[in-house]
Every structure is written in structure tokens, then in C-alpha cells.
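Scroll down for the structure; my scribbles are underneath it.
The values are calculated or read from the model by the stated rules, or taken from the named source; none is laboratory data. None of these values were measured; they are calculated from a predicted model. When we count neighbours, we look across all protein chains shown, and the Cβ atoms used for this are built from the backbone with ideal geometry, even at glycine. In case anyone asks, the SASA skips ligands and DNA or RNA and just uses the protein heavy atoms, side chains included. Shrake-Rupley method; radii C 1.70, N 1.55, O 1.52, S 1.80 Å.
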Amino acid sequence: KQWYQRRVRASTVRAEDHLTATHQTALSRPIYVLDDLIPQGVLSELLSHVYSSSQYYYDDSEDEGETDNVHWISGYHTHQFVQSNLWTLVRDTVTQMTGHEGWYPYDISCNLNRAWDHTRIHKDCFGKDEYTFLIFLTPDYQPGDLGGTVFYQHEDVSEIVTLVQNRFGRVALFHCEIKHAARPPHSSLSLARYTFVVKVARSKLSAVQREMLTVVAHTQDTEESEAEQWIADESERLGNDPDKLEALFISLIETADQMRHSDLENSLLNAGK
């Protein structure tokens, strides 16, 4: 089984027991640092999957006018991730720290940074009440190895709110509108910096729409405004039912995967002739 298929009982996490630091921007946007939150078995399983099964793609796109300049990314489908025990822990932690329920993921990825990569200061969203759950996933890191994440005041990037050091299993949970940047590993190191990132929206409907927009806009030859209108029309047709919209999205993903597999087979057959 894949790691994301290993569903377990409901999480019993008490996030406040693992809270080691709290920071706020001038606009009261929170940054929470949590240590030893994720059980070692879950961390080991996740790390094993990241090392052995993740397929990274080169991404030089810009999101809503900004980019993190993280070029090597391995993405995951949310409908698979929500089957995992890790999602249960993420959901319960975000619920406890924010005091709001209903969170649902719309973007799950593993980011890889090397010493010679150049990351940029960016936000994860604009004008939305969403959070990012970031897991530092490189073992044996020391503070001098760099590889942490720097958080800045809302717009004034000349002032640093805090630097969260890279520590294996550490979690940084922060509001999506906080400007931040990954720090690459020290130039003397050959190992990469791995982070596993889960971005969550306030409702399942909003999350499914967000993920659909990203996939449609990046894979189809269409303007983002056209994709947004199509998603809005489909949502209305389905009565704004998030489960029905997700089912439609999954069917589209499966059809696209089948078409890619068929195209690959045809290419291989033609190459062998």
C-alpha cells in the first residue's frame, strides 16, 4: 500500500502540548512552531515515500504574480492524501490552533531545495483566510546548516518576524498571507532540503475549487478566468455540493491519467517499430 492509504483511528493529538513558539506579524497573522507533533512512525513512513516514490517536476511558474522559486516539486492529489493518518493529524492541529473547523487541503507537495537554488520571498495566497502546514523533512540537520524558513512583516520585507530553524519533524503552521522564504542548505552541504507542505482552505468546497483551478489552468490551454467560470458553473450545476464536485474532479484526473498512459504506450510502440 502507498503511505496515503494507511488510514488509522482518529487523531488524539493535543497540539498545545507540542507548541514551542508563537509569533505574530504586525497584522496579527500567526506563526506557530510545533515540535514532536508527528509520531516517528508516521515521519519515517512519509520520509521513505518521499525518498523512494516521489516524482519531481520542474516548476518555473508564477502564482498570482509571485513565486517561491522552488523549482523541484512533487505533488499529490488531495483525494488520496485525505485517506491518510497524517491528514487527520494536520486537520486536528489546524482546528485546535485556529479555533475553526471545516479545514480541507487543496495543495499538497514535497519541495526540494539545493544549496545553489535561489528562493524568493512570497505569499501562499492573497485575500484568503487559509493556512500552510509545513513539515521539515530532512534528518540530521544542524542550525548551522541553514535550510530554515524566514518570515517577514506583512509587506515590509526589511523586517524579519522570525526564522524557524530546520529540524527534522518540526512543523511551522502559518497564515497564508505572511511573506516568507525558504533558505537553501549551506553551500558546503551536498544534501537537499526537503519540506512537506499542506495548504488548507476554510471549507471543502473552496478547497476542491482551488485545486481544480490549479490543475485546469496548468494542464489545459485555457485562460484562468475561463477556468474559474467553468468551475463556478459546474459547482452551481452540482448544487455546490463539495463531494459531487470532488467526484467530478477525480473522474477528470483519472481520465487524464489514462490518456497520458495510452499516449506513452503508443510512443513506446512507435519507437520500437
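Results, tabulated for the structure shown:
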read-out	value
All positions within the stretch 204-231 that are within 16 Å of the chain's Cα centre (by Cα) and modelled with pLDDT of 85 or more	Lys204, Ser206, Ala207, Val208, Gln209, Arg210, Glu211, Met212, Leu213
Residue list for the stretch 174-196, filter: open to solvent by less than 10 Å² (accessible area, probe 1.4 Å) and modelled with pLDDT of 90 or more	Phe174, His175, Cys176, Ile178, Phe196
Subset tally (residues that are at pLDDT 90 or above and more than 15 Å from Phe196 (Cβ to Cβ)) for the stretch 132-165	9
Only listed residue being more than 23 Å from Leu46 (Cβ to Cβ) and assigned to a loop (DSSP other than H, G, I, E, B), chosen from Asp221, Asp233	Asp221
